[in-house]
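Working notes, structure below.
Only the coordinates and a few stated rules stand behind these numbers; no lab work does. Please read these numbers as outputs of a predicted model, since none were measured by experiment. Don't worry about glycine lacking a Cβ; one is built from the backbone with ideal geometry, like all the others, and counts go over all protein chains shown.
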Number of protein chains: 2
Amino acid sequence: MNYPSKVFERAVEEMSQLPGIGKRTALRLVLHMLNRSASKTENLADSLQHLVNDIQYCEKCHTISDAHICNICSNPLRDSSIICVVEDVRDVMAIENTGQYRGVYHVLGGRISPMEGVGPGQLKIESLAQRVQNESISELIFALSSTMEGDTTSFYLYKVLKDSSVQFSTIARGIGVGDELEYADEATLVRSIQNRIPYATEMN
Amino acid sequence: MNYPSKVFERAVEEMSQLPGIGKRTALRLVLHMLNRSASKTENLADSLQHLVNDIQYCEKCHTISDAHICNICSNPLRDSSIICVVEDVRDVMAIENTGQYRGVYHVLGGRISPMEGVGPGQLKIESLAQRVQNESISELIFALSSTMEGDTTSFYLYKVLKDSSVQFSTIARGIGVGDELEYADEATLVRSIQNRIPYATEMN
């Protein structure tokens, strides 16, 4: 590609470093930035600079935060004896959006995946073990992906922590609410039958 | 959406202002930025700041440039008597990539489109008329989109400039090189037959 300007080329190159954004898309985005008011692009640049400089991770649960301890961990109305173990902050946001969970979280920062070179050492497992030991935790809910990596991670955590007095649970796998049975995959269907629950429970 | 951090939320909001990037994609991109080395995101922020502060437009042809006059207009090896009229800088880049055109350009900055509220006044038509009047231009090549708006723009330019001594041409419309006839649309096929050229010319 022949770029008419180095400044322009650099912006396109940097944008195309982002995942899922190729050269063509980057070009389109940068041209859009040139056509809109300069203050908007300044805001974007400024927000990214702040992101790098000011973002913090909660010392307890490792979620993204503006302070040492996040809003959830520092909220006295949350039940700090129940920890929901998730992979990343998107999972926290998804569960928080339901508005139904009153416990706290622990963000592992990924899942065990030998294929991607992620071992237990790269995840926040040690600090989870410390929380289980030092805080009065009654239940750990594994809310990891329903994949081989997610299951491996849950199993690893269980093995590491099983000697503690904490109760372990995992989020239910089954047919999604509103889904039709005939379109469900076999594995999900099998699990939904194996893990069937008393009818009265479901009605609550 | 409940964001765990204001700094994080602002970055996601600003990213999702870009065309074709929704909240979910913005979230994914910002999380990626947090997982990669901070210097990369600083580079991106810096490149966008430079884009806003340092980008210039060539005073002659209005393409994006690092100086008052762009590399193409200031190149003595280019034939400044032939001007190729295009819509935006992407068209300049596409033609430059062929390495076959030795003339110069004029970037209109769009095309006449009443539907999108773009009239002749918003385009760099006045300055094109001045170039035709003041410089020794022999030929204007219209290289605009083959759409109603592109054709309207070409026709408008022709009407404005037809009293000058300049020669007008338009890029050829026809079956693309490597395309099969049976898949060509009717309008293109009709035009390719109407504008047929002597066989010997094509062989050159």
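Quick notes on this structure:
- Filtered trypsin sites (Lys or Arg not before Pro), the stretch B:147-204: DSSP coil and at most 11 other beta carbons within 10 Å: B:K162, B:R196
- Counting only DSSP beta bridges with both residues in the protein assembly as shown, the antiparallel share comes to about 20 percent.
- Think of the protein assembly as shown as having a plus end and a minus end, set by charges on the Cβ of Lys, Arg, Asp and Glu; of A:C58, A:I21, B:G20, A:C58 sits farthest toward the positive end of this dipole.
- Chain B, relative contact order [Cα under 8 Å, separation at least 6], %: 12 percent
- Relative contact order of the stretch A:78-171, defined on C-alpha pairs under 8 angstrom at six or more residues apart (%): 32 percent
- Prolate/oblate/rounded call for the stretch A:78-171, Cα gyration tensor, a/c under 1.5 rounded: oblate
- Karplus-derived HN-Hα couplings along the stretch A:169-174 (A = 6.51, B = -1.76, C = 1.60, θ = phi - 60°), whole Hz, x at Gly and Pro: 9, 9, 4, 5, 9, x
- Close amide H contacts of B:S146 (hydrogens built in the peptide plane, cut-off under 5 Å, sequence separation of 5 or more or a different chain): none are found.
- Plainly put, the tip 7 Å out from Cα toward Cβ on B:P198 is 9.6 nm from that tip on each other copy, the closest given first.
- Summed residue charge, Cβ within 12 Å of B:S39's Cβ, Lys/Arg positive, Asp/Glu negative: -1
- Bridge orientation summary for the stretch A:78-171: considering DSSP beta bridges with both residues in this region, about 5 percent are antiparallel.
- Cα gyration tensor shape for the stretch B:6-54, rounded if a/c is under 1.5, else prolate or oblate: oblate
- For A:D54, inter-copy separations between label points set 7 Å beyond Cα along the Cβ vector come to 2.6 nm, shortest first.
- GNM result for chain B, Cα springs below 10 Å: residue of B:D179, B:D79, B:D46 fluctuating most strongly: B:D179
- Karplus-derived HN-Hα couplings along the stretch B:86-99 (A = 6.51, B = -1.76, C = 1.60, θ = phi - 60°), whole Hz, x at Gly and Pro: 10, 7, 9, 5, 4, 5, 4, 5, 5, 5, 4, 4, 6, x
- Between identical copies, the spacing of A:E42 label points, each set 7 Å from Cα toward the C-beta atom, reads 2.2 nm from nearest to farthest.
- Cut-off under 5 Å, modelled amide H: who pairs with A:C84 long-range: A:V104, A:Y105, A:H106, A:I141
- Mean-position separation - Cα centroids, the stretch B:52-128 and the stretch A:83-101, in angstrom: 50 Å
- The value of relative contact order for the stretch A:137-204, using C-alpha pairs under 8 Å at least six residues apart, is 30 percent.
- Counted over chain B, the DSSP beta bridges are approximately 20% antiparallel.
- Distant-in-sequence amide H partners of B:V118 (H built 1.01 Å from N, under 5 Å): B:S113
- Among chain A residues, the one whose Cβ is nearest the axis of the rotation from A to B, given with its distance rounded to whole Å, is A:A45, 2.
- Rounded to whole Hz, the Karplus (6.51, -1.76, 1.60) HN-Hα couplings of the stretch A:36-44, x for glycine and proline: 8, 5, 4, 4, 5, 6, 4, 4, 4
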